[in-house]
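Visitor: Take a look at the following structure, please.
The values are calculated or read from the model by the stated rules, or taken from the named source; none is laboratory data. It should be emphasised that the depicted structure is a prediction, and the values quoted were computed from it without experimental measurement. Note that we place each Cβ from the backbone using ideal geometry, even for glycine, and neighbour counts take in every protein chain shown. Just the protein is used for accessible areas: all its heavy atoms, side chains included, with ligands, DNA and RNA removed. Shrake-Rupley method; radii C 1.70, N 1.55, O 1.52, S 1.80 Å.
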2 protein chains.
Amino acid sequence: MATGLFCCHAVYDGAVTDVTSTGAATAPAKRGRGEKSSATIYDIAKLAGVNPSTVSRALSKPGRVSAKTQKIIEDAAAELNYQVNPFARALPTGRTQTIGLIVADITNPTFFDIIRGAETTGSARDYTLVLAESAESPETEVTAARRLLSTVDGLILASPRMDDDHIRALSADKPVVVINRQIDGVPCVVPDVNKGISEAVRSLAANGHTNLAYVAGPAQSWMTGRRWEGVKAACEWSKLGAVRLESSKPTVDGGRQVARDVLESGATAVITYNDLLAIGLMQELQAGGMRVPDQISIVGFDDIFGADFTTPALTTVRSPLGECGTRAVTILLDVLQGHDAPDEAVSVETELVVRGSSGRLLA
Amino acid sequence: MATGLFCCHAVYDGAVTDVTSTGAATAPAKRGRGEKSSATIYDIAKLAGVNPSTVSRALSKPGRVSAKTQKIIEDAAAELNYQVNPFARALPTGRTQTIGLIVADITNPTFFDIIRGAETTGSARDYTLVLAESAESPETEVTAARRLLSTVDGLILASPRMDDDHIRALSADKPVVVINRQIDGVPCVVPDVNKGISEAVRSLAANGHTNLAYVAGPAQSWMTGRRWEGVKAACEWSKLGAVRLESSKPTVDGGRQVARDVLESGATAVITYNDLLAIGLMQELQAGGMRVPDQISIVGFDDIFGADFTTPALTTVRSPLGECGTRAVTILLDVLQGHDAPDEAVSVETELVVRGSSGRLLA
DNA sequence: CCACTCTTGTCAACCGGTTGCCAAAAATTG
DNA sequence: CAATTTTTGGCAACCGGTTGACAAGAGTGG
C-alpha cells in the first residue's frame, strides 16, 4: 500500500502510542535507520497553524512576517528540532552554503595552514568547506574543479597548476579566488615575497656572504619565478652574486639531488623555493661533512610544519598561509554577498624567520 | 513578464541568433554569471524524443531501457554536455555521493595521510569528501558531526574525542566508521600496535636497555591507553622495567616539558605516545647535552611527516594511516551498498621504522 | 492466430524548500 | 468613519531529478 519514500513523522514527541495500527502502513522509514529523519517546514506549519510558505519566510527572510507569528513558528521549529534540508534549499536557489578548495597535494604541508585558515573562516560564517586534491596534475585539477563547481557557491584555488585561461573560464561560471598566483581579472591572494626576501638577502650579506644560489621549484609554479625575481633584485641591490639552479622536484629528495650543483656553484648561501628542498639540501650537505651554517647558510621558504625539527632549525621566509586561506574565503564570501572583488591582488606580508641554518660565514 | 528563476537554455549549440528579441525577456540568467547553466534531463528528453523519466532511467538504472534508446539518450546527453544536478538527485533519494570526515586537528600531521587516503579512495568511487575539524574539542566535534550528518551519506571519525554514546547515536542515523578507536557495535579501523611495539621493545632490549619510559598522550585519547598496555606487556615479556609518564599535551612543546621527568625516571629508552612528543623530547635532551642514541634512545609513534627531518632521524612505530583512511572509506561505501559491516574491528599492521634515534646504549 | 508473458516507455506524484502574485487584515490618514 | 496605504499570510508554481503503477508493444508457445 505504501508507495515508497516517505519520512516517518509518526513519532515526534515521546508519544509512541499505537504506531502500528495508525501510521505504519503509510510511513516506512526513509534514510536508512533511525526513525527521526528530520521535521520539515510542513510539520512546523501544521503545528503552528500557518502556511508552509510563511514558515519558510519566517526562517529565512527576516522581517517578512510579524513578530508574533515569527515567535510561534520559531517555537514550533525548536520543539520539532527542525533543521533545514540543504538540498531542498539548494535546488531552487542554487545557494549551497558550500565552498570548494582545491590544493595541489593534500600531504604537502604548505597547504595545511591554508586549509585550516579556510575551514575556520568558512565555518565561522556557516559555510562548509569541500576539499579536493589535484595530485599536482593540471588535468586532474581541471576535472576536480569542474566537478566541484556544480556543487559549491564558489571556489578557491591554492597554487593552481592549470593555466590562466582555464581559471578564467571557471571564474566566468562562479566566483573563484586564487591563492599564490596572480591572474588578471580574477581575485587573488598573493604573499608579497619581496619583504621577506630582502630581509633574508640583507641578513646573508651582513654575515659575510657574497655569492648566493637560488634553487628553483617546478616550472608550472608561478611562484618560483616570482621568488627568483625577488632574489635577483635583492642580490643586485646588496651587490651579491646570484645564480639560479634547477631542482628535479620540490621535495626533500629534490633537495638532496641538487646538493652537488650547489657545491659546484661556489655559493655560500642558498635560498630555496621551499622548505622541503632546503631540508633535503641541508641533510645531504651535512652528510657530506659540510657544517651549517659555518660553511654554508641555508634559507627556505614558507615555514612549513617541521621546519624547526631540523638541526640546526631552518631559517626560512614565512608566508602567512593561514591568513591566505582566511583572506581568500573572506573575499569569496564578500563577492557572494554581492560586494565587488578587490581589483588588485591582495597581498599579505612575508617575513624572515631566523633560526639556526643561516649565520656568519667562517672562512 | 518573467517570473524569476529560469535557466537560460536559449543558446545551446553555437546558434546565437537573435537572442535579444526572442529569449532575453523571458530568460534571465540564473546562477550568477555565465549563460551556460547546465542542461537538464528535460532538455535531453526533448532532444532524444523520449520522456524525462526514461532519460533518468537510462542514466542511472542500467538495463532498465533498451540498448537502442540508451544510446540515443547517451548521445544527446553528451551533446548537451549534461551533468546531473546533485541536489536534485539528493532531494528525493537522500543519496548525496558525499562522505564526511572529522578530524581533531587539521594541522596535526597524523591526519594528513588519513585525509589523503580517504580522499583518494572516495574520489575513485565517485564520492566527494567533506572535511571538518573539531579543534580537539568534544563539543565542537559533536556539533560538526551533527551538521555534517544531514548532508552526507556516511561519516568517518578519525580519533574521535567525543564519548562512545555520542558516536553510537550518530551511528544510529547514518553509517559511521571510526578510525583509531574501538567501539562495540560501530565499525572500526584500528592499527594493531602490538606488532610494532614488540619490535621496538625487543630492539631496545637487544641494544642493552633495561629501563624504559612511556610518555603518555591526552587522557581522552583511547589510543594512549592501548599503547601503554602494549608497552607494558612487551616490557614484561622482555624483562624490562617500564614506567609511565604523563605529558601536558601531545605536541613538541609537551615533549620538551616532559624531558625532566624522563631524566629523573632513570630510563635509558623512551617510547612516546606520538612523534611530536618524541621530537620535542629529543630536542630538549640534546639541548641539555645528552647524546641520542648513545645515552638515551627515543622511539616515537606514527611516523608522521617530518619524522626524518631530525638529527638523528626519528625511530618510530609506523601506523599505516593512509591505509586507515582507505579502509574506512571502503567499509563505509560497502555498508552504503548494503553489505554488512565487519563485526570486528579491522586491524592494520604497525611496524617499527628504525632510524637514528634509537640504538646501542653506551654506558 | 490467439492468449499470455516480458520488456520498455509514459504518467504523475513526490522530495522539501522558495518566491511572485494576490487578497485579507491591519494601520494610517483625511 | 470611510478611504487608502502598508503588512502579512496563503496559493500555487517551480527547482531537477526519481520511482511506482500502468499500458502499449514485442516475443513466445500452444
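Visitor: Could you state the angle between the C-alpha long axis of helix B:164-173 and the longest principal axis of the C-alpha atoms of chain B, as a value from 0 to 90 degrees rounded to the nearest 10?
Guide: 20 degrees
Visitor: Then there is this: From the label point of B:Arg360, set 7 Å along Cα to the beta carbon, how far off in nm is each other copy's matching point, shortest first?
Guide: In ascending order, 3.9 nm.
Visitor: Between copies, how far apart are the A:Gly185 label points? List them in nm, one decimal, shortest first, with each point 7 Å from Cα toward Cβ, please?
Guide: When each copy's label point is compared with this one, the spacings are 5.8 nm.
Visitor: Once each part is reduced to its C-alpha centroid, what is the distance from region B:132-198 to region A:186-255 in angstrom?
Guide: 44 Å
Visitor: Among the residues of region B:161-181, which ones have their accessible area go down by 50 Å² or more when all the protein chains sit together, as opposed to their chain alone (1.4 Å probe)?
Guide: Residues losing area: B:Asp173.
Visitor: Relative contact order for region B:192-320 using alpha-carbon pairs under 8 Å, separation at least 6, rounded to a whole percent?
Guide: Numbers: 239 pairs, mean separation 31.2, N = 129.
Over region B:192-320, the number comes to 24 percent.
Visitor: Another question about this same structure. Dipole size in debye (nearest 20) for region A:216-363 around its Cα centre, Lys and Arg Cβ +1, Asp and Glu Cβ -1?
Guide: Details: 13 positive and 19 negative charges, 125 e Å.
The calculated dipole for region A:216-363 is roughly 600 debye.
Visitor: Would you please give the FRET efficiency between B:Arg146 and B:Gln295, computed as 1/(1 + (r/R0)^6) with r the Cβ-Cβ distance and R0 = 56 Å, to the nearest 0.05?
Guide: Values: r = 51 Å, r/R0 = 0.90.
With a Förster radius of 56 Å, E is 0.65.
Visitor: Assigning unit charges at the beta carbon (Lys, Arg +1; Asp, Glu -1) and nothing else, what dipole magnitude in debye, to the nearest 20, does region B:163-229 show about its Cα centre?
Guide: On the way: 7 positive and 8 negative charges, 52 e Å.
Computed charge dipole of region B:163-229: roughly 260 debye.
Visitor: Ok, one more. Please list, in order, the residues from region B:94-138 whose amide nitrogen is less than 17 Å from a point placed 7 Å along the Cα→Cβ vector of B:Thr251.
Guide: B:104-111, B:134-138
Visitor: Nearest 100 Å² is fine: how much accessible area is buried between A and B, summed over both sides, with a 1.4 Å probe?
Guide: Details: alone 18370 and 18420 Å², together 32220 Å².
Rounded to the nearest hundred, the buried surface is 4600 Å².
Visitor: Which listed residue (B:Gly254, B:Ile304, B:Val270) has the Cα farthest towards the positive end of the charge dipole for region B:192-320, taking +1 on Lys and Arg C-beta and -1 on Asp and Glu C-beta about the Cα centre?
Guide: Value computed over the given set: B:Val270.
Visitor: Using a probe radius of 1.4 Å on heavy atoms only, what accessible surface per residue do you get for region B:177-319? Whole Å² is fine.
Guide: Working: 5150 Å² over 143 residues.
With all protein chains present, region B:177-319 gives 36 Å² per residue.
Visitor: Moving on. If the convex hull of the alpha-carbon atoms of chain B is projected onto planes in all directions, what is the mean projected area in square nanometres?
Guide: On the way: hull surface 95.8 nm².
Spelled out: convex hull of the Cα atoms, projected over all directions, averaged, 23.9 nm².
Visitor: Quick one: if you stick a label point 7 Å off each Cα along the C-beta vector at B:Ala124 and B:Thr107, how many nm between them?
Guide: Each label point lies 7 Å from its Cα, and together they span 3.2 nm.
Visitor: Relative contact order of chain B: what whole-number percent is it, with Cα pairs under 8 angstrom and at least 6 residues apart?
Guide: Values: 699 pairs, mean separation 54.2, N = 363.
In percent, rounded to a whole number, it is 15.
Visitor: Please determine, in degrees from 0 to 90 and to the nearest 10, the orientation of helix B:138-149 with respect to the longest principal axis defined by the Cα atoms of chain B, where the helix direction is its Cα long axis.
Guide: Result, in degrees: 30.
Visitor: Set the Förster radius R0 to 41 Å, insert the Cβ-Cβ distance between B:Asp163 and A:Glu74 as r into 1/(1 + (r/R0)^6), and round the FRET efficiency to 0.05. Before the final figure, lay out each step's value.
Guide: Details: r = 31 Å, r/R0 = 0.75.
About 0.85, to the nearest 0.05.
Visitor: Let me ask you something else. Provide the solvent-accessible area of A:Lys195, counting protein heavy atoms only and rolling a 1.4 Å probe, rounded to the nearest 10 Å².
Guide: 70 Å²
Visitor: Greater than 25 Å separation of Cα atoms is the criterion. Which listed pairs, A:Lys174/B:Lys174; B:Lys195/B:Lys239; A:Lys71/B:Lys174; A:Lys46/A:Lys68, meet it?
Guide: On the way: A:Lys174/B:Lys174 32 Å; B:Lys195/B:Lys239 17 Å; A:Lys71/B:Lys174 32 Å; A:Lys46/A:Lys68 16 Å.
Violating the 25 Å limit, Cα to Cα: A:Lys174/B:Lys174; A:Lys71/B:Lys174.
Visitor: Ok, one more. Measure off, as a whole percent, the carbon and sulfur share of the 1.4 Å-probe accessible area of region B:192-320, all protein chains present.
Guide: Numbers: 2420 of 4820 Å².
On region B:192-320, the fraction of accessible area on carbon and sulfur atoms equals 50 percent.
Visitor: Would you kindly work out, in nm and rounded to one decimal, the distances from the label point of B:Arg146 to those of the same position in each other copy, ordered shortest first, with label points 7 Å along Cα-to-Cβ?
Guide: So the distances to the same position in the other copies read 4.0 nm.
Visitor: Solvent-accessible area of B:Trp222, probe 1.4 Å, all protein chains present, reported in Å² to the nearest ten, please.
Guide: Answer for B:Trp222: close to 70 Å² accessible.
Visitor: Same structure, new question: How many percent of all Cα-Cα pairs in the protein assembly as shown sit more than 48 Å apart?
Guide: Values: 70097 of 263175 pairs.
Tail of P(r) above 48 Å: 27 percent of Cα pairs.
Visitor: For the rotation that superimposes chain B on chain A, which residue of B has the C-beta lying nearest to the axis, and at what distance in Å?
Guide: It is B:Gly306, 1, counting Cβ atoms only.
Visitor: Can you compute the modelled spin-label distance between A:Asp334 and A:Asp184, with each label point 7 Å from Cα toward Cβ, in nm?
Guide: 2.3 nm
Visitor: Mean separation of Cα pairs under 8 Å and 6+ residues apart, divided by the residue count of region A:41-185: what relative contact order is that in percent? Write down the numbers at each step before the final one.
Guide: Details: 188 pairs, mean separation 28.6, N = 145.
Result for region A:41-185 is 20 percent.
Visitor: Next question, about the same structure. Where only protein heavy atoms count, and the probe is 1.4 Å, what is the accessible area per residue for region B:42-103 in Å²? Can you show the working numbers first?
Guide: Values: 3450 Å² over 62 residues.
The answer is 56 Å² per residue.
Visitor: What FRET efficiency comes out for A:Ala206 versus A:Arg260 if R0 is 30 angstrom and r is the Cβ-Cβ distance? Round to the nearest 0.05.
Guide: Details: r = 28 Å, r/R0 = 0.94.
The formula returns an efficiency of 0.60 here.
Visitor: Between the helical axis of A:321-336 and the dominant principal axis of chain A, each derived from Cα atoms, what acute angle in degrees is found, rounded to the nearest 10?
Guide: For helix A:321-336, the angle is close to 40 degrees.
Visitor: If you don't mind, another one. Considering protein heavy atoms only and a 1.4 Å probe radius, which residues within region B:74-91 exhibit an accessible-area decrease of no less than 50 Å² in the full assembly relative to the chain by itself?
Guide: Residues meeting the cut-off: B:Phe87, B:Leu91.
Visitor: Further question: With +1 on each Lys and Arg Cβ and -1 on each Asp and Glu Cβ, and nothing else charged, work out how big the dipole of region A:128-286 is about its Cα centre, in Debye to the nearest 20. Walk me through the numbers before you get to the answer.
Guide: Numbers: 16 positive and 20 negative charges, 64 e Å.
The calculation lands at about 300 debye.
Visitor: Only counting protein heavy atoms at a 1.4 Å probe, give the residues of region B:292-329, ordered by number, whose accessible area falls by 40 Å² or more when the other protein chains are present relative to the chain alone.
Guide: B:Phe305, B:Phe309, B:Thr311
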